1. Within the range 123-143, can one find any residue that is β-branched (Val, Ile, Thr) and not in a loop (DSSP other than H, G, I, E, B)?
2. List every residue pair whose Cβ atoms lie under 7 Å apart, where the two residues are 6 or more positions apart in sequence or sit on different chains, the first residue falls within the range 71-98 and is free of Cβ contacts under 8 Å to residues at least 60 places away in the same chain, and the second residue, located anywhere, is of a type in the set (Gly, Ala, Ser).
3. Restricting the search to the range 30-43, which residues are assigned to a helix (DSSP H, G or I), open to solvent by 20 Å² or more (accessible area, probe 1.4 Å) and touching a residue at least 12 places away in the same chain (Cβ under 8 Å)?
4. Is there any pair linking a residue in the range 191-217 that is assigned to a loop (DSSP other than H, G, I, E, B) to one that is of a type in the set (Lys, Arg) and open to solvent by 20 Å² or more (accessible area, probe 1.4 Å), with Cβ under 9 Å and at least six apart or on different chains, and which?
5. What about LEU165, is it among the aliphatic types (A, V, I, L, M) and outside any loop (DSSP other than H, G, I, E, B)?
6. Is it fair to say MET104 is among the aliphatic types (A, V, I, L, M), open to solvent by 50 Å² or more (accessible area, probe 1.4 Å) and either over 17 Å from LEU12 (Cα atoms) or not assigned by the TED database to the domain that holds ALA171 (or both)?
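The values are calculated or read from the model by the stated rules, or taken from the named source; none is laboratory data. Keep in mind that this is a model prediction, so the values were computed, not measured. Cβ atoms come from the backbone with ideal geometry, glycine included; neighbour counts cover every protein chain shown. Just the protein is used for accessible areas: all its heavy atoms, side chains included, with ligands, DNA and RNA removed. Shrake-Rupley method; radii C 1.70, N 1.55, O 1.52, S 1.80 Å.
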Amino acid sequence: MSHPTAGEEEYLETLYWLHEVQLPLTAANVSRAMMLSAPTVHEMVKRLEGDGLITRDDRKRISFTDEGLSVAENVVSRHRLVERFLTDVLGIPWHEVHEEAERMEHAMSPAIEQGMREAIGDATTCPHGHPIAVGQRIPGAPLADAEVGATIKVLRFENEAEQILHYLYGAGIQPGLEGTVVERDDDHVAFDDTEGVRHTLTHSAAETVSVKADPSPPERVGLPAAVVLDQVAFGR
């Protein structure tokens, strides 16, 4: 087949994220993750299948072909590489790089990609905590599941929608931050970091933050239909 279009690569990127977090690869989950209508997703899924990038079984469950998986892994790795380059080398704040990386990742030459990899040195994750080398994801659990008194370390942000990243940035959250959960109810989750600073998130926003917790709750990653940020709801 010819090289996948930018639109196809974006869908493959979403499917790979679902694969990483061990959620079912279904058109319904793609629709929720990309905030797109079911008919729109259905048309692109048919294209991906026709181009030999995915297959579907009798129950419409999606699987990557070998070629589709290779394309997905490459575009995901490039995206995370670009994000790290933009933050570490160009100094762009981490909550502003996701959309820019979406625009850049589809048109990179091998020489530019290699130059970026050399520029970021030994960095292993994007600024949102996802591994640049795919397949090296550290298991975690949603911050919303950690019990009061648990010690936590922020691993990554599962939802990279621009509004949510801005919200997390404003709350002072970043990968690597450590602390202790001090509040958890149906509306909010709060933890105090090691400097004594309190960070408070809506409960659904805390579902999108993966942490290493002690004691550890059961491992799972939710895909809420919407994330509520101070009375405003956003999809993934």
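1. Going through the range 123-143, the residues β-branched (Val, Ile, Thr) turn out to be 124-125, 132, 134, 138.
Within this subset, residues satisfying the condition of being not in a loop (DSSP other than H, G, I, E, B) are 125.
Checked against the condition, which is being β-branched (Val, Ile, Thr) and not in a loop (DSSP other than H, G, I, E, B), the range 123-143 yields at least one hit.
2. Close Cβ pairs satisfying both conditions: SER77/ALA133; VAL82/ALA101; GLU83/ALA101; ARG84/ALA123; PHE85/ALA119; LEU86/ALA101; ASP88/ALA123; VAL89/ALA119.
3. ARG32, MET34, HIS42
4. Going by the 9 Å Cβ cut-off, the qualifying pairs are THR208/ARG236.
5. Working: among the aliphatic types (A, V, I, L, M): yes; outside any loop (DSSP other than H, G, I, E, B): yes.
So LEU165 passes the test.
6. On the way: among the aliphatic types (A, V, I, L, M): yes; open to solvent by 50 Å² or more (accessible area, probe 1.4 Å): yes; either over 17 Å from LEU12 (Cα atoms) or not assigned by the TED database to the domain that holds ALA171 (or both): yes.
Considered against the rule, which asks whether it is among the aliphatic types (A, V, I, L, M), open to solvent by 50 Å² or more (accessible area, probe 1.4 Å) and either over 17 Å from LEU12 (Cα atoms) or not assigned by the TED database to the domain that holds ALA171 (or both), MET104 comes out as yes.
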